[in-house]
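In what follows, a structure is listed as structure tokens, so that the remarks can point back to it.
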């Protein structure tokens, strides 16, 4: 059977309220304990006074008995009854006063004991309240932790679901990419077959050139067309592999372009970019960029290439100076 799941904010508020109650109970306990300590001190003082008064009362009793004995002896000898009565009355007044003081101290002591008992009960009650609040605080902490863990688990589940969604999308994209790659390989094989056929045709045309001089121009044009188409094919493959970040294969295709068409400045530019940014080789990048500037000195990217070459030359000068 499921329990109630508190909102994290509500759990934290409950935790704070119970902690505040414990702090207030602790403060009241300290006040009562301080009062109890003062009361204990007062009890000790009253008990000390009682002991002193009791000792004085005992001494007065002894003095009274001695005085009565003396009075009886003096009375039998002198017959001075008035003085004996006066001294006896004085002594009785002192005893009465002492008895009243003793009674008052006994009452104060009894009252103090009663108050001490009440304070002890209050301390016990406060201790019970503090223990109950501590248990509530522990429960609130557990509930708060459970709520936090539940939130973290839900967040993790959402993150896992999002990752699974992204993974499935990536898998679909990979499958489509693999299909496209198979198609490209098929096209490449076809182009390679066409190239082989073109080479064979070139051989045939060369033989015909030797035997048929009038067809030299036509055959030469056909040869240049085939070379251009073949170079364009390798260039397009180089761009495709670059877009797919397969830079080693892109380098291979662009190298074939400059082999077939040595004056292709864009192929040299792409070779320089790959060596400058993706497969770092500064010397090769500089060489291809210089060839690019030679072939296309006024191209739109020539400014950036010149800046790249100048920055590397400045870096080399600083390195030599250091």
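Annotations for the structure displayed:
- The convex hull defined by the C-alpha atoms of segment 212-321 has an orientation-averaged projected area of 8.6 nm².
- Annotation: extensible slack from residue 186 through residue 26 equals 49.2 nm (criterion: 0.36 nm per residue apart, minus Cα-Cα distance).
Every read-out reported here was derived from the displayed coordinates using simple, explicitly stated rules and does not represent laboratory data. Everything quoted here is computed from the prediction, not taken from an experiment.
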